[in-house]
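Presented below is the structure to which this report refers.
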Amino acid sequence: MSTGSQEEQLTSPPDGELVLVIGNLTIDDVVLPTGDTRMGMLGGNSVHAATAVVTAGATAALAARRGEDFPPGALAALAAEGIDLTGLVDIPGPTVRNWVIYEADGRRSWLYRTPPERPAQVAPEPADLDSALLRRAAVVHVAAMPLGNAERIVAHVRRHAPGAVITVDTHESWDGDVAGRVLALASAASLFVPSQEELAQLVNADGPADGLRALAAAGLTRAVVKAAGAGAYVLDDGRITHVPAAETTAADSTGAGDTFCGGLAAGLARGLSLVESAAL
């Protein structure tokens, strides 16, 4: 496999189906529109993505920073499912804790219960990454994080795991002011996986298909847009394919976008096509 990022084939190396998920760990206090609360829930984009990886038939490993107050045993269920936790790095200070508040129309608000600078402090860095996990990974998923961290991690993975497929999710702080840097990062990765809202901010597009056309005009050959209840839209060598969502009743949509990314990464690690992987 070449290291030409967007030009490479989205197929895994022949030696495994491991997805390395690089992201964060949080504790979430969820408030639903019914008034029901779910306090102290294990959260973080790495958890949601890795859980989806194993559900979709691949193997998963986590790379994240763990605060010193992280609840003992909170990850036991993940370990029981075979998720590799050797990539966790213990750091001083608290775990990020959020209120996640939902409205009846689907709107969601996040209120940090930890200091506002803490999310940046717990964002992963290249030095956190275990070289053995990188060498084993068929796919490396870079979950939502500050842009500088994502840039450094993608560059590090390119150097140290040139055969791995790299998927990159967007972060809510990536707005139009940094569009050039984000597009450069998307080109350096194998697959860019923005949400439809964040893509609209980046390229000023009306709808997922328009956003993908803007990405194609910028030189990207492959991308997948998460479109919530509308499913996903896939750009693959100039062709745009709509992958509808399965019919379901959502009990709690916290982590849905991260879960989608995990299923997508699992499909790629298993050698499925891009559209088949999005359908997972």
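The values are calculated or read from the model by the stated rules, or taken from the named source; none is laboratory data. All of these numbers come straight from a predicted model, not from anything done at the bench. Cβ coordinates were reconstructed from backbone atoms using ideal geometry, including for glycine residues, and neighbour counts include every protein chain displayed. Protein only, heavy atoms only, side chains kept; ligands, DNA and RNA dropped before computing areas. Shrake-Rupley method; radii C 1.70, N 1.55, O 1.52, S 1.80 Å.
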Among (1) open to solvent by less than 60 Å² (accessible area, probe 1.4 Å); (2) touching a residue at least 12 places away in the same chain (Cβ under 8 Å); (3) closer than 25 Å to GLY229 by Cβ; (4) in contact with a strand residue (DSSP E or B) (Cβ under 7 Å, 6 or more places away or on another chain), the one test that ALA138 misses = (3)
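May I ask you to verify whether LEU10 is within 19 Å of the chain's Cα centre (by Cα), modelled with pLDDT under 95 and either under 24 Å from VAL168 (Cα atoms) or part of a strand (DSSP E or B) (or both)?
Values: within 19 Å of the chain's Cα centre (by Cα): yes; modelled with pLDDT under 95: yes; either under 24 Å from VAL168 (Cα atoms) or part of a strand (DSSP E or B) (or both): yes.
When the stated conditions are applied, LEU10 passes them.
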Do we find a residue being in contact with a Ser or Thr (Cβ under 9 Å, 6 or more places away or on another chain), at negative phi, touching a residue at least 40 places away in the same chain (Cβ under 8 Å) and buried (at least 22 other Cβ atoms within 10 Å of the Cβ) anywhere in region 214-224?
-> yes
Those residues of region 53-62 which are open to solvent by 10 Å² or more (accessible area, probe 1.4 Å) and either of a type in the set (S, T, N, Q) or touching a Ser or Thr at 6+ places or on another chain (Cβ under 7 Å) (or both) amount to THR55, THR59
Would you be able to say whether some residue in region 170-181 is touching a strand residue (DSSP E or B) at 6+ places or on another chain (Cβ under 9 Å), at negative phi, surrounded by 15 or more Cβ atoms within 10 Å (Cβ to Cβ) and not in a loop (DSSP other than H, G, I, E, B)?
-> no
Within region 35-43, is even one residue at pLDDT 90 or above and open to solvent by less than 10 Å² (accessible area, probe 1.4 Å)?
-> yes
Would you pick out the residues in region 224-238 that are β-branched (Val, Ile, Thr) and under 15 Å from the mean Cα position of the chain (by Cα)?
-> VAL224, VAL225
Only one of ALA123, ALA155, ALA80 is buried (at least 16 other Cβ atoms within 10 Å of the Cβ) and either among the small types (Gly, Ala, Ser) or touching a residue at least 40 places away in the same chain (Cβ under 8 Å) (or both); which?
-> ALA123
